[in-house]
Amino acid sequence: MKGLTTKEEEIMGFFWKEGPQFVRQLLAYYDEPKPHFNTLSTIVRGLEEKGFLGHEAFGNTYRYHAVISEEEFRKRTLKNVINKYFNNSYLNAVSSLVQEEDISLEELKQLIEKVEKAHQKQ
């Protein structure tokens, strides 16, 4: 599954938060100047082509809905980042966070505890 542009991710956020939407309803989420209807429609159709949205026909218009959850998107995105930038190594990713001091020793300990608990449940 392909990644998302910033604008596509923004639009997916509306579907994840608000549920199924007609393209016209998306306009309400924007301040002036609002994007053109055709622009939003093109992006939504692109999201459907990429497999992120599906639709249900209502006469000659479509109501779109998310096909994948926000959680699934997060997981896939994280896996892609780990693969692309950390040689598919979660250890390298966590090590980088520790070295850059983006994660404290206390947070690292909490992470280890969570992993151990999850492992024990399996």
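If you take every residue apart from PHE86 with its C-beta less than 15 Å away from the C-beta of PHE86, what net charge results, scoring Lys and Arg +1 and Asp and Glu -1? Taking every other residue near PHE86 into account, the sum is 0. Give, to the nearest whole percent, the P(r) tail of segment 6-66 beyond 17 angstrom, counting all Cα pairs. In whole percent, the share of Cα-Cα pairs in segment 6-66 beyond 17 Å is 29. Between GLU116 and PHE86, the modelled labels are 2.1 nm apart [label points 7 Å from Cα along Cα→Cβ].
Taking a straight line from the alpha carbon of LYS7, these aspartates and glutamates sit under 19 Å away, with near neighbours fewer than eight places off in the same chain left out: GLU18, ASP31, GLU32, GLU48, GLU49, GLU70, GLU71, GLU72. Computed on the chain, with alpha-carbon pairs under 8 angstrom and 6+ residues apart, the relative contact order is 20 percent.
Amide H contacts for PHE22 (H built 1.01 Å from N in the peptide plane; partners 5 or more residues away or on another chain; cut-off under 5 Å): TYR64. Against the empirical 2.2 N^0.38 Å (N residues), the chain has a Cα radius of gyration ratio of 1.40. Here nothing in the chain passes the span test, since no DSSP H helix has an alpha carbon length of 30 Å or more along the helix axis and a Kyte-Doolittle mean of 1.0 or above. With the simple model of a label 7 Å out from the Cα in the direction of the Cβ, SER69 to ASP31 spans 3.3 nm. The HN-Hα couplings worked out from phi for segment 24-36 by the Karplus form 6.51 cos²θ - 1.76 cosθ + 1.60 (θ = phi - 60°) are 4, 5, 4, 4, 5, 7, 10, 7, 6, x, 6, x, 5 Hz, whole numbers, x standing for Gly and Pro.
Counting Cα-Cα pairs of segment 70-121 in 5 Å increments starting at 0 gives whole-percent bin shares of 5, 19, 17, 24, 27, 8, 1.
Each value in this text was obtained by applying a stated rule to the coordinates, not by laboratory testing. Because the structure is predicted, anything quoted here is derived from the model rather than measured. As a convention, Cβ positions derive from the backbone with ideal geometry for all residues, glycine included, and neighbour counts pool all protein chains shown.
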